[in-house]
Amino acid sequence: MNFAIDTVGIVNEKKIIIGWVQDENVDIKAYYNDGKVLEDTKVLKFIRKDVNEQLKLDKNSRTGFIVITNLDCNFLKFNNIKVEANQEHDSFQQVLNEYLNYPIEEVKVFVKKLIKNDIQAFIDYFFEIGNNRYFFSGWRYSKDGESVKVVVKDGNFQYFDCSRDDLKNLENIGECYKNAGFYGVVELNKIFNDKIEFIFESNTEILRVKKDIDKKNIPPKEKSQIMLNCIDINKKEFKEIFDKVYGKALQDMWSEYFNNLDLQIEVKSYGEIPKNPQLSIIVPLYGRVDFVEFQNAVFSTDKDFLENVELIYVLDDPERFYPTIDEYLKSRYDIYNVPMKLIKYNYNLGYARANNIGVKYATADKILLLNSDVFPKQKGWVSEIIRKYENLEKPGVLGFKLLYEDETIQHIGMEFKKSEYLSNMFINYHPHKGLPDIDKSEKIEEKEAVTGACMLLEKKNYVKIGGFSENYIIGDFEDSDLCLKLREKGLKIYYSSKPEFYHLERQSQDLFDDKNWKFKITIYNCWQQMNKWSKLIEGER
Amino acid sequence: MKVLIISHGHPKYSKGGAEIAAYNLYNELNNQGVDTYFLASHKMPEITHGGTPFNAINEKETLYYSTMQDYFLTILQNRAVSWNEFFDFLDYIDPDIVHFHHYVHIGIEHLKTVKNWAKLKDKKIKVFLTLHEYIPICWNRGQMIKTNTDKLCYESNPIDCNRCFPEIPPSQFKLREIFYKSYFDEVDLFISPSYFLKDRYIKWGIDEKKIVVIDNGQPKREKLPKRELKEGEKRRVFAYFGQINPFKGLDILLESLDFMDRKERKEVLIHIFGTGLEHQEDRFKNKVNHYMDKYKENIKYFGPYEPEELGGLMKNIDYVVMPSIWWENSPLVIQEALSFGRPLIVSNIGGMAEKVEHMINGIHFQYKNPLDLANWMVKCKNPEFYDSLYENIEHPLTIEQVAKEHINLYKTKKQ
């Protein structure tokens with residue numbers, strides 16, 4: 001049997017082999033060099049007038065062929081005859097152009113389609129998230145509107161679609177932007193040269209894109225932001241994404257990050273802290289360090305406070321304040337004469353870790369975890385809250401009434417509330433938030449949870465349960481989680497309507513330029529809480 | 001007993017009512033045998049010595065160079081330096097009473113500095129604070145009027161304050177309030193020159209027991225005889241004294257001429273003594289200039305005056321008009337007019353309504369209302385009407401009396 005390969009070349013990440021074979025009925029297949037058949041190969045057979053004349057065959061014999069296969073193809077087989085097809089030929093482009101003007105319509109169309117590729121794709125991110133797993137995200141669509149599948153070569157992967165409103169204006173994208181985004185996690189078996197191949201396939205076309213692994217050191221906060229921003233919580237599957245992929249990935253990534261920090265802790269004192277204080281107050285500082293001034297001002301005229309409290313500020317914002325905080329506190333001490341301890345370290349660790357570190361340095365039996373934007377409304381509150389706590393039965397935590405600057409309710413205890421918008425997860429709900437503070441009666445009640453903005457508890461209990469859980473991202477849900485941990489140990493969560501505090505909440509919450517992200521973090525943290533505590537939370541209903 | 005009076009300015013350089021009142025009190029206390037010192041802040045780097053914020057004028061009067069960083073909280077720029085040296089100053093004077101007449105420019109920290117100093121010395125001192133405007137209550141220069149409409153404000157709260165200053169979040173106003181209140185906790189007794197101002201501060205949160213009303217005193221003056229009238233002449237000279245700015249309402253007074261008929265207007269003269277028009281924004285400036293031009297025959301502008309000239313100026317006028325559109329406290333102009341024996345026509349609000357008695361020693365007109373003011377001016381031209389007001393005028397509290405009341409308070413044991 002006569003045959004020949006005229007030319008070999010690559011178009012749109014596909015290998016194209018053009019030639020002829022004497023027997024039009026021969027079976028043409030493409031192979032790897034290990035002998036495996038390449039299934040996604042396409043073959044067009046057509047009439048080669050020149051061949052038919054030369055070999056004196058029937059003039060309508062379909063002796064010509066064009067094979068489209070993938071780049072790994074090493075040889076073709078005509079029935080059992082093996083033909084090398086490794087090398088690209090210099091003549092390829094010229095031959096291809098000739099076929100564009102081939103007198104048979106079918107061939108012309110085939111070649112045209114071959115040259116043009118309707119699939120457009122781009123990979124935005126590809127970075128490691130620990131344990132040999134990688135996050136990837138990007139977009140793809142086909143100009144002809146066909147759906148495009150994403151394959152990560154050499155890995156176990158799972159991906160999800162998402163909308164990409166930013167692509168609305170791309171050529172011929174039409175409505176496809178609504179599903180153009182993709183994101184997922186892949187566990188890689190092997191990596192060649194730090195490159196990984198993505199394959200985008202529609203029914204008719206295929207596009208291969210190689211992507212370098214992002215080597216630059218993206219901080220986990222940024223990685224989380226990138227990952228969480230992909231999720232469309234309006235889609236039902238978002239919970240599944242956490243369950244199957246994200247939940248563990250994010251947890252691993254963060255704990256690996258924190259475990260590898262070279263943390264240097266410094267402790268300083270300003271003024272003479274009372275001996276045997278009744279209460280240690282721990283205040284983490286992030287963003288608005290100037291709140292120290294206002295808290296100091298308020299504490300400075302309260303004799304009860306000055307006699308009984310060990311005040312501990314934990315600087316959790318080294319980027320902005322590490323070099324200046326000492327001088328700042330020293331000069332505040334000179335004005336206000338409120339003795340205080342400063343704990344500072346070289347990383348931003350978040351609310352949970354900041355408190356966990358702060359509590360280690362607390363010397364009183366009782367600790368009050370206090371936000372920097374919380375201010376007592378009257379003097380003598382320290383003795384009052386201690387007295388109240390001591391009269392409680394099996395106390396775990398005592399929380400208080402917090403008011404906004406306009407005297408409306410910020411916090412009178414928290415409830416877990418089922419949210420239909422969030423796959424029926426339970427969110428932390430602040431009842432009566434923003435409503436007028438009508439009930440002025442003095443009362444103590446048991447609650448499901450209380451806010452961490454101002455919570456009183458015993459150090460021994462805090463230590464027993466391991467303090468705040470550290471796997472919630474950026475200050476959220478740690479407080480309710482802590483309450484749940486204490487409840488699991490048989491202790492109770494209380495709320496007292498007196499004394500009252502102001503909580504100027506908006507001030508320290510402006511940590512997020514990106515509101516979308518802030519919301520996604522809440523969802524993620526909420527998912528974590530549910531994952532851990534759904535029995536206890538739902539058991540009450 | 002040693003007393004230290006702290007003022008936000010020295011009358012030598014700054015002639016505001018509060019500075020003058022503080023300085024008068026300082027002098028009179030010394031006259032009455034109380035060893036009293038005067039510390040006044042200033043903002044003139046050219047007269048400072050290197051390495052110290054202090055320069056003494058004489059044995060008892062010292063200037064204090066201060067740079068205020070933050071008028072929202074009235075705190076100083078270089079805080080560490082200020083209070084180290086402030087301690088040194090207090091050591092040197094060793095006062096038993098520290099009486100602040102303000103904290104703007106001085107630095108509100110010093111309310112605490114003096115207490116910290118006393119604690120360090122294990123010494124009992126008392127801190128007094130005389131209140132002037134409504135600064136901790138209102139960020140609009142303590143005037144308690146709305147920024148965009150100039151409407152009167154009756155009570156501040158963080159949400160309303162944010163409406164006046166949309167760039168400042170409500171919570172920041174709450175912080176401001178918390179801040180001032182914690183400083184005011186250090187004050188043993190507040191002095192308010194008016195009941196009106198006292199009530200505003202009590203409503204805001206100062207303990208009623210901690211605030212006492214003593215008006216600013218005036219030097220003892222002889223009541224001037226009534227201005228001599230020509231045959232058939234009316235009481236037609238209405239005078240305006242003081243700073244010219246929108247809050248003081250000179251434009252209302254001038255606009256009142258619009259509401260008189262030609263005959264009535266012909267019998268009215270408005271004399272203006274004061275300065276500041278050139279520093280005001282165009283809308284106000286243009287309005288005032290418009291009327292000055294329109295009623296050239298009726299309006300005479302005399303420019304600035306020295307306190308010593310006041311007697312001579314008062315001699316040749318009939319009424320003093322105070323048409324302020326903000327509350328005022330205890331306006332110096334009212335005290336001066338009464339001490340010289342001149343009836344007043346004032347806005348019917350705040351400190352003005354308190355210090356002038358309607359139909360007794362003066363008239364209240366509907367504030368911001370030039371028509372009402374015009375009607376009263378026409379009525380006031382009547383010489384018999386004038387005489388009845390004139391006869392009722394009594395001399396306001398003298399500096400001597402004021403100093404006596406202060407000494408009594410200074411000597412009172414802490415409650």
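Residues B:GLU278, A:GLU106 ordered from highest to lowest accessible area at a 1.4 Å probe: B:GLU278, A:GLU106. To the nearest 10, the accessible area of B:LEU269 is 30 Å² with a 1.4 Å probe. Note on A:GLU500: accessible area approximately 20 square angstrom, rounded to 10, probe 1.4 Å, nucleic acids and ligands left out.
When the helices of the protein assembly as shown are scored as -39500 (n - 2.57) per DSSP H run of n ≥ 4 and the total is divided over every residue, the value at 222 nm lands at -9500 deg cm²/dmol.
Amide H to amide H distances under 5 Å link A:ARG164 with A:LYS178, A:ASN179, A:ALA180, A:GLY181, where only residues 5 or more positions off or on other chains count and H is placed in the peptide plane. Of the three principal axes defined by the Cα atoms of the protein assembly as shown, the extents in descending order read 144, 76, 60 Å.
Anisotropy class assigned to the range A:292-360 is oblate, per the alpha carbon gyration tensor with a/c at or over the 1.5 cut-off and a/b no larger than b/c.
Looking at the range A:167-242, the GluC sites (Glu not before Pro) that sit in a DSSP loop and have at most 10 other Cβ atoms within 10 Å of their own Cβ are A:GLU171. With both labels modelled 7 Å from their Cα along Cα-to-Cβ, the A:VAL11 to A:GLU272 distance reads 9.0 nm.
Averaging the Cα positions of each part gives two centres, and for the range B:270-309 and the range B:184-248 these lie 22 Å apart. How much accessible surface does A:SER137 have with a 1.4 Å probe, in Å² rounded to 10? A:SER137 exposes around 10 Å² with every protein chain in place. For chain A, the longest principal axis of the Cα atoms and the long axis of helix A:105-115 meet at an angle of about 30 degrees. The Cα center of the range B:323-348 and the Cα center of the range A:252-276 differ in position by 62 Å. Here the range B:64-131 exposes an accessible surface that is 49 percent carbon and sulfur, computed with a 1.4 Å probe and the other protein chains kept in place.
Among B:PRO158, B:PRO331, B:PRO95, the residue with the largest mean-square fluctuation in a Gaussian network model of chain B, with springs joining Cα atoms closer than 10 Å, is B:PRO158.
The three principal axes of the Cα atoms in chain A give end-to-end lengths of 113, 47, 40 Å, sorted in falling order. Against the main long axis of the alpha-carbon atoms of chain A, helix A:515-539 sits at an angle near 70°. Rank A:LEU279, A:HIS432, A:VAL43 by how far each Cα sits towards the positive end of the charge dipole of chain A (+1 on Lys, Arg Cβ; -1 on Asp, Glu Cβ) and give me just the farthest. Sorting the options by dipole projection puts first A:VAL43. Among the listed pairs B:LYS234/B:LYS300; B:LYS198/B:LYS223; A:LYS15/A:LYS210; A:LYS303/B:LYS124; A:LYS221/A:LYS518, those with a Cα-Cα distance over 19 Å are B:LYS198/B:LYS223.
Going by the alpha-carbon gyration tensor, a ≥ b ≥ c the square roots of its eigenvalues, is the range B:237-392 rounded (a/c under 1.5) or, if a/c is not under 1.5, prolate (a/b greater than b/c) versus oblate?
Details: a/c = 1.34, a/b = 1.16, b/c = 1.15.
Rounded, because the longest to shortest axis ratio a/c is under 1.5.
Counting every alpha-carbon pair across the range A:265-539, the share separated by more than 34 Å comes to 14%. Positive contributions from Lys and Arg (+1) and negative ones from Asp and Glu (-1), summed over other residues with Cβ under 12 Å from the Cβ of A:ASN101, come out at 0.
Across the protein chains, with a 1.4 Å probe defining accessible surface, the residues A:GLU39, B:GLU109, A:GLU105 rank A:GLU39, A:GLU105, B:GLU109 from largest area downward.
What is the magnitude of the charge dipole of the range A:63-121 about its Cα centre, with +1 placed on the Cβ of each Lys and Arg, -1 on the Cβ of each Asp and Glu, and no other charges, expressed in debye to the nearest 20?
I would put it at about 160 debye.
For the chain pair B and A, buried accessible area totals roughly 1900 Å², probe 1.4 Å, rounded to the nearest 100. Counting charges near B:ILE270 (Lys, Arg +1; Asp, Glu -1) among other residues having Cβ under 10 Å from its Cβ returns a value of +2.
Farthest towards the positive end of the charge dipole of the protein assembly as shown, among the residues A:VAL21, A:CYS73, A:TYR183, is the Cα of A:TYR183, using unit charges on the Cβ of Lys, Arg, Asp and Glu. In this Cβ point-charge picture (+1 for Lys and Arg, -1 for Asp and Glu), chain B has a dipole of about 480 debye about its Cα centre. Of the trypsin sites (Lys or Arg not before Pro) found in the range A:38-89, those in coil by DSSP whose Cβ has at most 10 other Cβ atoms within 10 Å are A:LYS56, A:LYS59. Past 32 Å, Cα to Cα, is the threshold; run B:LYS151/B:LYS296; A:LYS440/B:LYS355; A:LYS344/A:LYS379; B:LYS151/B:LYS404 against it and keep the listed order. Result: A:LYS440/B:LYS355; B:LYS151/B:LYS404 exceed 32 Å.
Against chain A, whose longest principal axis comes from its Cα atoms, helix A:247-259 is set at around 60 degrees.
Using only the Cα atoms of the range A:3-115, build the gyration tensor, take square roots of its eigenvalues as a ≥ b ≥ c, and label the shape rounded, prolate or oblate: rounded if a/c is under 1.5, else prolate if a/b is larger than b/c, else oblate.
oblate
This model, with +1 at the C-beta of Lys and Arg and -1 at the C-beta of Asp and Glu, gives the range A:3-115 a dipole about its Cα centre of some 240 debye. Near A:ILE10: Cβ cut-off under 11 Å, other residues only, Lys/Arg at +1 and Asp/Glu at -1. The net charge is +1.
For the range A:395-502, applying the loop criterion from DSSP together with a ceiling of 16 other beta carbons within 10 Å to the chymotrypsin sites (Phe, Trp or Tyr not before Pro) yields no site.
If the segment from B:HIS290 to B:ASP261 were pulled out straight at 0.36 nm per residue, it would be longer than the present Cα-Cα gap by 8.6 nm.
Given B:THR52, A:ASN346, B:LEU73, which one lies farthest toward the positive end of the charge dipole of the protein assembly as shown, if we put +1 on the Cβ of every Lys and Arg and -1 on the Cβ of every Asp and Glu? Most positive-ward Cα: B:LEU73.
Direction-averaged projected area, Cα convex hull, the range A:119-259: 8.7 nm², rounded to one decimal. Distance between the C-alpha centres of the range A:434-508 and the range B:113-132: 39 Å, rounded to the whole angstrom.
The values are calculated or read from the model by the stated rules, or taken from the named source; none is laboratory data. Just so we're clear, the structure is a prediction, and the values are computed from it rather than from any experiment. In this analysis, Cβ positions are derived from the backbone assuming ideal geometry, glycine residues included, and neighbour counts consider all displayed protein chains. Please note that ligands, DNA and RNA were not included when accessible areas were found on the heavy atoms of the full protein model with its side chains. Shrake-Rupley method; radii C 1.70, N 1.55, O 1.52, S 1.80 Å.
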